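Heads up: the structure comes next, in structure tokens.
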């Protein structure tokens, strides 16, 4: 029996099986137990070449900086970050490195990182920059030059960045709604505000401006970005609207799912009365009814580009060259968007 056989029986990916067997993050505890049960039932033994002496691998450290509303201690359980870590863990198998995952407080990151490096030195660092500003990134890069920054980008910093082309994603989302003949369009902004959201907003509004459309203030809503939550204030605002938008774009899938739930609780049909479009294409977007039309973020590509850049830095192949890589997005059409009908 092979790894792919276990994956097929468990109805998961090969990378998920690998993560579960190696006790690494990237799969939920429920999925891990499900995989291990199937492994035990089928007496699966991983193939290992025990005749060769294995050389101890160097480490690459993945760092997240905690913030109260975005990167919490449980951030690894959030779908976007969980999937990204899963792909990094799977892709690193092709490199002579192990992945260490560290979470530090943003205010004391350099002190905590220095202590961690004393205990377990790393060959290079992957820094999750989702909630970090340019000044914070510069401070870390000065101390640890072999670094790739993920999920944000600052054009003025000569460092390696791998980020989402958020502007393109927002632009594509607006273009899709326009092609479905929507003209009364609403917008859900995520809280707290981060650079990614602003870039998505800029792309979305750029396409609307080309179509000579604008969004009235009453059709702009604010929701927590990292939780699925029905907000009474938003529901009240929706019930008081005399003219609902025919479509609403949400800056991520969590907010889109929250909006679908709120509309349905108000007996407003999705997509018959209001189309909903999200961003990220997390696994939960296929569980909600109707399934969510969303902007797909290519997390595997992000993982591949990140490790390739960092590996070159570690080997000294690109010490004086840096890259700002933006991974393009694409649209996934599902059931939450429909053409506008009078």
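The values are calculated or read from the model by the stated rules, or taken from the named source; none is laboratory data. Just so you know, these numbers come straight off a predicted model, no measurement behind them. Neighbour counts are summed over all protein chains in view; Cβ atoms, including those assigned to glycine, are modelled from backbone coordinates with ideal geometry.
In segment 104-124, how many are under 20 Å from the mean Cα position of the chain (by Cα) and modelled with pLDDT of 90 or more?
Within segment 104-124, residues that are under 20 Å from the mean Cα position of the chain (by Cα) and modelled with pLDDT of 90 or more number 1.
Which of (1) in contact (Cβ under 8 Å) with a residue 40 or more places away in the chain; (2) on the phi > 0 side of the Ramachandran plot does residue 325 not meet, given it meets every other one?
(2)
Which one of these is buried (at least 23 other Cβ atoms within 10 Å of the Cβ) and touching a residue at least 12 places away in the same chain (Cβ under 8 Å): 204, 167?
204
Report, by residue number, each residue of segment 211-228 that is in a loop (DSSP other than H, G, I, E, B) and closer than 27 Å to residue 181 by Cβ. Steps first, please.
If we filter segment 211-228 for residues that are in a loop (DSSP other than H, G, I, E, B), which is where we start, we get 211-216, 225-228.
Correct list: 211, 212, 213, 214, 215, 216.
Do you know which residues across segment 272-317 are over 18 Å from residue 88 (Cβ atoms) and out of contact with any strand residue (DSSP E or B) (no Cβ under 8 Å at 6 or more places or on another chain)?
Those that are over 18 Å from residue 88 (Cβ atoms) and out of contact with any strand residue (DSSP E or B) (no Cβ under 8 Å at 6 or more places or on another chain): 272, 273, 284, 286, 287, 288, 289, 290, 291, 315, 316, 317.
Name, by its number, the condition in (1) within 30 Å of residue 65 (Cβ to Cβ); (2) modelled with pLDDT of 95 or more that does not hold for residue 193.
(2)
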